[in-house]
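Notes follow once the structure below has been shown.
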């Protein structure tokens, strides 16, 4: 049990998902093939690999793919989307907080259905034809983002979709429905860990954030950190839309609760109160599994030219705890001993109005290596563009459920210029 708890805590530190003790055997079953792939004899060695090996970042991505599932579909929770279209959009259009510019972030977008749904609603509203609108979808899983960028879906993704939307915004080819280019032109996707302050630092100002059915899988501390980050990214008067079973009860008092005709949503006040502990950024990122390289962002449209962001650097790794050599060691001592130094960052050239030409908007890599993140100062410096990740609840291979620590009774990128197509 001790080795499971150490491994569980390491996963939690990386992505905020917490597993109960009774999930031990299912988590081990999901991760056992990785021991064979890495030629490791036991989970004790696997734990040490995840803490100290230079290749641990790639392995954490493998873990995320194996212990999470991504269930979503187009026009999910339509009552809330109608509130966005019929009440929030008109208010933002009239107020124009940043002129004719609007950025919407789908945090925990999974395979992209939510982000494309938002883009369709923008087009359907007819309010933003001469606006610069960006819809950004982010997720921690590279696999689901690759699906989102392709924009091809089976019939099951349209269980709540009106047929007129299907005919208007999709093309059926060989049994798959392809998102039309006018919808893709408004969207972009990127990998983002909502608990990594450094990743979040690339996100600029946002008008609306949708983070639906994600926070329910976080513990209270992870929720507070995520909501605090959302508060800092939202413009004054910006909106936060959560899932129907999620709320900010016992998490944050910084937001206003707004009663719309079809839903209740949260809003960052137009008149700001003094900064509270809930909304201040942590002085140092808490994640024990930060990595020096960037997550490899891509867009949907080929940019022309522009500044290049090159982040390099790293931190020294502590020597393994000798007490863990024969077993797992002491979890608290190991975690306390773990340190991360801030990685060096290069300064962005915010005067350029062009994206870097290494961003790939076609969904394919330019060259053998995956391209690093490039930033458009028009978007990231002034507007932001980035549901979700959920532990595997049902897995036919296991025949049982992974159980997460249940939430308290209550109710997690970057944006690109118009025409951006995700790679």
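Rule-based calculations on the coordinates, nothing more; no lab input. Just so it is clear, the model here is predicted, and its values are computed rather than measured. We place every Cβ from the backbone using ideal geometry, glycine too, and count neighbours over all the protein chains shown.
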Task: Nearest-0.05 FRET efficiency for residue 236 and residue 146, computed from C-beta distance (R0 35 Å) - done: 0.50
TODO: Once you have the Cα-Cα distance between residue 163 and residue 5, take 0.36 nm times their residue separation minus that, and quote the gain in nm to one decimal.
DONE: 52.1 nm
TODO: Set the Förster distance to 22 Å, then compute FRET efficiency between residue 201 and residue 94 from the Cβ-Cβ distance, nearest 0.05.
DONE: 0.10
- [ ] Can you put 104, 202, 216, 118 in order of Cβ neighbours within 10 angstrom, beginning with the fewest?
- [x] 216, 202, 118, 104
- [ ] Arrange 35, 248 by Cβ neighbour counts within 10 Å, fewest through most, would you?
- [x] 35, 248
TODO: With a point put 7 Å past each Cα toward its Cβ, work out how far residue 125 is from residue 79 in nm, to one decimal.
DONE: 2.1
Open item on the list: How far apart, in nanometres, would the label points at residue 38 and residue 71 be if each is projected 7 angstrom from Cα along the Cα-to-Cβ direction?
Closed with: 2.9
Task: Kirkwood-based Rg to Rh ratio, the stretch 78-267, C-alpha trace - done: 0.95
